[in-house]
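Right, one structure below, let's go through it.
Coordinate-derived values only; no laboratory data. Remember, it's a predicted structure, so these values are computed and weren't measured experimentally. We place every Cβ from the backbone using ideal geometry, glycine too, and count neighbours over all the protein chains shown.
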Amino acid sequence: MKFRLEPDVRPVVTSALALSGAVGVFALAFGVLAVGAGANVWQACALSFFTFTGASQMSAMSVIASGGTVGGALGGALLLAGRNGVYGLALSPHFKGSLAKRLLAAHFVIDETTAMMMAQTNPRLQKIAFWTTAIALFSLWNLGTLLGALLGSAIDPHTYGLDVGFSAAYVAMLFPQLTTTNGKIAAAGGAVISVLLAPFVPIGLPILASGVAIFVGLRPRHETASA
Amino acid sequence: MNMSWALVIWLSVGAYAFKMFGFVIIGSRKLPQALSRCLLLIPAALLAALVFNSTFTTGQSLALDERAIGLVVAIIAAWRKLPLIVVVILGAATTALLRGLM
């Protein structure tokens, strides 16, 4: 069977696959870290399949790893998941289709699919960008998690510094958020609040409380965003 | 450890609810600009909080130990734009090495 992509579709598909490959490697790290935090292989895989939003999954597992409760883990993780709601708002006007199709597409509304879809202007390419990224990324995210979880079951988390592995992953995810002044202020505020509150409130709550730093976004806009 | 299926289920239900809320329920109506700006700052505030909280506290006490050095190495690696997996390995390996020495 001969399968050829039209010239304008090819770059969209190529970048979707490259992005998904990189995310697959991140999934490998998530699998190892989740098992190190006390999840079993099935729980790690279920998170990647059903929750399917990386930063929230990582956040929940690191609160559990440091001894927090389920409630404490959920607070920060759900706050992080909230941004997918904003992405949904941005994508929705460009999406035609039945309710059933929208309900399915909603599961795939994350950082990467939003970025890939919004990078296109033509509706046909937007649709291709969204679905190619969704399918490739979802497949590799779940495969990477399974492999990582199996690998992680074989090693001791403390000896291998996996707790710092979590932080290192967040640092890499944080850098792209620091391109605007508001991003820098929110990050600095979140960092300070999360450490200063720690002695006074239950584990996990400082992470949730650091969310107040986002209200820096309310200040009148002087700058033009550089990102 | 407090890991449980309840966490997996609640997080999955909650995450899907957010995704669906913007995409299906609100549809093409618009949120106030200031609110959208705030919501998009969530990753900056929370990721920074996760990094500093998990590096400088143990349970409910403040702490300064080998994790801080691992973090510095990870920050340098991320600032040099190294791939995520390399940043993770450098941060974890530095800490592991120091734990082996101390």
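Couplings 3J(HN,Hα) of the stretch A:131-139, computed from phi: 6, 5, 4, 4, 5, 5, 5, 4, 4 Hz, in residue order, whole Hz [Karplus 6.51 cos²θ - 1.76 cosθ + 1.60, θ = phi - 60°; x for Gly and Pro].
Under 5 Å between amide hydrogens, built in the peptide plane, is the criterion, and for B:T57 it picks out B:A63 among residues at least 5 positions away or on other chains.
Estimated at 0.36 nm per residue, the fully extended path between A:T159 and A:R10 surpasses their Cα-Cα distance by 49.1 nm. The calculated Kirkwood hydrodynamic radius for the stretch B:1-63 is 14.8 Å, given to one decimal from all distinct C-alpha pairs. Ranked by how many other Cβ atoms sit within 10 Å of their own Cβ, fewest first, the residues A:S48, A:S153, A:S98 fall in the order A:S98, A:S153, A:S48. Going from the fewest other Cβ atoms within 10 Å to the most, the residues A:E6, A:E112 appear in the order A:E6, A:E112. Let's see if you can work this out: charge +1 on each Lys and Arg Cβ, -1 on each Asp and Glu Cβ, no other charges. What is the dipole magnitude of chain A about its Cα centre, in debye to the nearest 20? Dipole magnitude for chain A comes out near 800 debye. For the stretch A:117-227, the relative contact order is 18 percent, taking Cα pairs closer than 8 Å that sit 6 or more residues apart in sequence and dividing their mean separation by the residue count. Between the stretch A:76-97 and the stretch B:40-96, the alpha-carbon centres lie 27 Å apart. Once both axes come from the Cα atoms, what is the angle between helix A:162-174 and the longest principal axis of chain A, in degrees from 0 to 90, rounded to 10? Value to nearest ten degrees: 50.
Note on the protein assembly as shown: dipole from Cβ charges, positive end direction compared against A:F175, A:V32, A:S59; the farthest Cα belongs to A:F175.
Farthest towards the positive end of the charge dipole of the stretch B:1-87, among the residues B:V86, B:L39, B:F23, is the Cα of B:F23, using unit charges on the Cβ of Lys, Arg, Asp and Glu.
Once each of the trypsin sites (Lys or Arg not before Pro) sitting in a DSSP loop with at most 10 other beta-carbon atoms within 10 Å is removed, chain A keeps A:97-227 as its longest stretch.
Think of chain A as a dipole: +1 on every Lys or Arg Cβ, -1 on every Asp or Glu Cβ, centred on the Cα centre; then among A:A73, A:F130, A:G21, A:F130 lies furthest on the positive end. Counting, for every residue in A:110-121, the Cβ atoms of other protein chains within 10 Å of its Cβ and taking the mean gives 0. Here the Karplus curve 6.51 cos²θ - 1.76 cosθ + 1.60, taken at θ = phi - 60°, turns the phi angles of the stretch A:36-51 into couplings of x, 7, x, 7, 8, 4, 5, 5, 4, 5, 5, 4, 5, 7, 9, 7 Hz, with x standing for Gly and Pro.
Beyond 25 Å, the tail of the calculated P(r) for the protein assembly as shown holds 50 percent of the Cα pairs. The Cβ shell under 11 Å around A:A90 holds other residues with a net charge of +2, Lys and Arg each +1, Asp and Glu each -1.
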